[in-house]
Amino acid sequence: MSIAEFAYNSSVNRTTCKSQHEIVYDFRPRQPIDLVPMVDHYRVSESVSSFITHMHELHKIINDKIKQNNFNYKLKADVRRKLKTFDIGDLVMVRIRSEWFPPGTVKKLQTSNAGPFKILMKLNDNAYVNDLLENFRINPTFNIEDLLEYKGLNFNPSISLVNKPTTVPFLRDPHFSHSQISVLIQ
């Protein structure tokens, strides 16, 4: 285990261009073949202040490199990022997360989105209140990450489709059992 730790701490980091030993101790560690018994020092070195100054400068350089790399990462990520906002009255789909519901109620193979729902109120560009159905039993306020623009027909949930006859093309498919069909129609 100590060999793995030594190898990790002496490897050069891509962001800082220094190893962990160089950042903390300001020197590259000797490899096992280079180890020589150290001479004991009994007096304080005269170059302590210059060493401390050098360490501060080294940490400042490393901090600047980290900031520059983080800025470059952000630029690359922002190229693919899209700003999305919704207006009051827009129809959206809500992403269903299993942690919002009691354990066992949301299954892996269920649909991951519900809706469409109308935006009732815009709290800010990041949070919206929807006209979520009461049987969901979750807060109707959602983060923008959990909302998708609805791109379907203008659906009116007040119109009941349960008692109206419909022709479903998959009823003739032999792969569907009678119980699956009745669940899909309901």
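The values are calculated or read from the model by the stated rules, or taken from the named source; none is laboratory data. Only a predicted model underlies this, so the values are computations on that prediction, with no experimental measurement involved. Here the Cβ is made from the backbone with ideal geometry for all residues, glycine too, and neighbour counts use every protein chain on show.
Of Asp87, Asp78, which residue is without any contact (Cβ under 8 Å) to a residue 24 or more places away in the chain and either loosely packed, with under 10 Cβ neighbours inside 10 Å or in a helix (DSSP H, G or I) (or both)?
Answer to the check: Asp78.
I'd like to verify a number: residues in segment 102-119 that are among the small types (Gly, Ala, Ser), closer than 20 Å to Lys151 by Cα and free of Cβ contacts under 8 Å to residues at least 24 places away in the same chain, how many?
Adding up the residues that qualify gives 2.
Among (1) out of contact with any Lys or Arg (no Cβ under 7 Å at 6 or more places or on another chain); (2) exposed (fewer than 12 other Cβ atoms within 10 Å of the Cβ); (3) modelled with pLDDT of 80 or more, which single condition is Gln20 missing?
(2)
Among all residue pairs at least 6 apart or on different chains, which show Cβ distances below 7 Å where the first residue, located in segment 120-137, is in the same structural domain as Arg95 (by TED's automatic domain parsing) and the second is part of a helix (DSSP H, G or I) and modelled with pLDDT of 85 or more?
If the second residue must be part of a helix (DSSP H, G or I) and modelled with pLDDT of 85 or more, the pairs left are Asn126/Ile144.
If you check Glu99 against the conditions, is it free of Cβ contacts under 8 Å to residues at least 60 places away in the same chain, of a type in the set (Asp, Glu) and within 30 Å of Pro140 (Cα to Cα)?
When the stated conditions are applied, Glu99 passes them.
Could we say that Ile66 is outside the structural domain of Glu145 (by TED's automatic domain parsing) and surrounded by 10 or more Cβ atoms within 10 Å (Cβ to Cβ) here?
When the stated conditions are applied, Ile66 passes them.
Could you look through segment 90-111, keep only residues that are assigned to a loop (DSSP other than H, G, I, E, B) and within 17 Å of the chain's Cα centre (by Cα), and pick out the one that is surrounded by the most Cβ atoms within 10 Å (Cβ to Cβ)?
Only one residue fits best here, namely Ile96.
Just checking, does segment 112-132 include any residue being over 14 Å from Phe86 (Cβ atoms), exposed (fewer than 10 other Cβ atoms within 10 Å of the Cβ) and among the hydrophobic types (A, V, I, L, M, F, W, C)?
No, the conditions are met nowhere in segment 112-132.
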